[in-house]
Amino acid sequence: MKKTLKKPLIYKEWIGCRWMILIMTFALVVIKYIPISNLLGRYKASLALDSNFVIDPYWFNNKIFDTPENMLFLFPLILILVVLLFKTEKQTSTCGLIMSMPFKRKDIIINKYIVGAFSIFIAFLINFLIMSVLYVGNVEFIKTSYTDIPMWYLINFLYCILFFTFSMFMQTVMGKYLVATFFTPIFFFIPISIVVYVSQGLGWIFSKSLTGEKLNELILPFNIYSVIEGSRINIGSKLYKYLYINYAMKILYVIVIISVFIWLLIYCYKKIDMERIHSIFLFKKFQIIFNILISINVAMIISIIIVDGIGFINSNISFIVVFLIVMGISYSLCNKIIRFANR
């Protein structure tokens, strides 16, 4: 590791993105700490005014685990962090200059990754410590286990690292950093979109004999989009708590995916063709994958709208024909748009 860490590269990246630590730390405080602190304050006030007031024993657990979609507010900040790591090189054409210096391409991309991942880690660590202090200082008002805190922060940290790693990968395979930033969330969430539309399409084609529920049961253990959401368990009347089912497997699964994308981004960065550095896609194969994924999504959406929404077509064969036609048109349009944008 010491051979890989290069002080000049670390310093260069750190100067560019150090302020993002403060911004992400503040964002996490707003997302998680402030709502819990405010609710605790209201409970304390209610207890002071009414001696018969009873606190929900699972309130802390519920507040820690609820609304996982709030974590999506961190994704734009992570995208900005990744842009800061790549913007200068791509915008001022200094990428080739840096690669001509006595650093391996592997060293350049690894040092970028370490600085970015470290920034996210510090933001989560600070908030974890703040939340731990809140718990210890108010343990008489919190009846649930302290382990809820490290479990929530660990899995959400890894999920943010997963999105960060994927964003880094997108920047290594796309030449224009703004285009890569725009398409990163689309590509990150496009697999679940494909699964949803494919399950609907297959359910319709086979007269609903192959239902979406069966397909969802098949892919559920491998669905990274449900990883950060705990399972809600009913305890009694108006009482519930959240638990992570197969927590260790979810952690392992996310780590494996992160490792795969780390390997991919390092491999792709080492293979960048400097003559194509200002093209939208630096690799033809990735452009093909992009066209196929976009075409499948567009074709599924339009086909399902025609079949289920308008009811214009009334046979399985017609559905397949419409899907193939729309997919072919979408693929052709994607190619033309990319060629036009590369001029």
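The values are calculated or read from the model by the stated rules, or taken from the named source; none is laboratory data. Worth saying up front: this structure is predicted, and the values here are computed from it rather than measured. So basically every Cβ, Gly included, is an ideal-geometry build from the backbone, and we count neighbours across all protein chains shown.
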Exercise. When both residues are 6+ apart or on different chains and their Cβ atoms are under 9 Å apart, which pairs have a first residue that lies in the range 16-45 and is within 15 Å of Phe157 (Cα to Cα), and a second that is exposed (fewer than 15 other Cβ atoms within 10 Å of the Cβ) and among the hydroxyl-bearing types (Ser, Thr, Tyr)?
Worked result: Ile31/Thr67
Problem set entry | Some residue of the range 96-109 being modelled with pLDDT under 90 and within 26 Å of Leu74 (Cβ to Cβ) | yes
Exercise. Are any of the residues in the range 161-171 assigned by TED's automatic domain parsing to the domain that holds Ser259, surrounded by fewer than 21 Cβ atoms within 10 Å (Cβ to Cβ) and touching a Pro at 6+ places or on another chain (Cβ under 9 Å)?
Worked result: no
Exercise. Among the residues of the range 1-29 satisfying the criterion of being exposed (fewer than 12 other Cβ atoms within 10 Å of the Cβ) and among the aliphatic types (A, V, I, L, M), which is modelled with the lowest pLDDT?
Worked result: Met1
Exercise. Picking from Val260, Val256, Val227, which residue would you name as being modelled with pLDDT of 85 or more and closer than 21 Å to Met151 by Cα?
Worked result: Val256
Exercise. Quick one: in the range 320-342, which of the residues that are within 30 Å of Tyr177 (Cβ to Cβ) and not hydrophobic (A, V, I, L, M, F, W, C) is modelled with the lowest pLDDT?
Worked result: Asn342
For this session: With respect to Asn38, determine if the residue is modelled with pLDDT of 85 or more, buried (at least 18 other Cβ atoms within 10 Å of the Cβ) and assigned to a helix (DSSP H, G or I).
Result: no
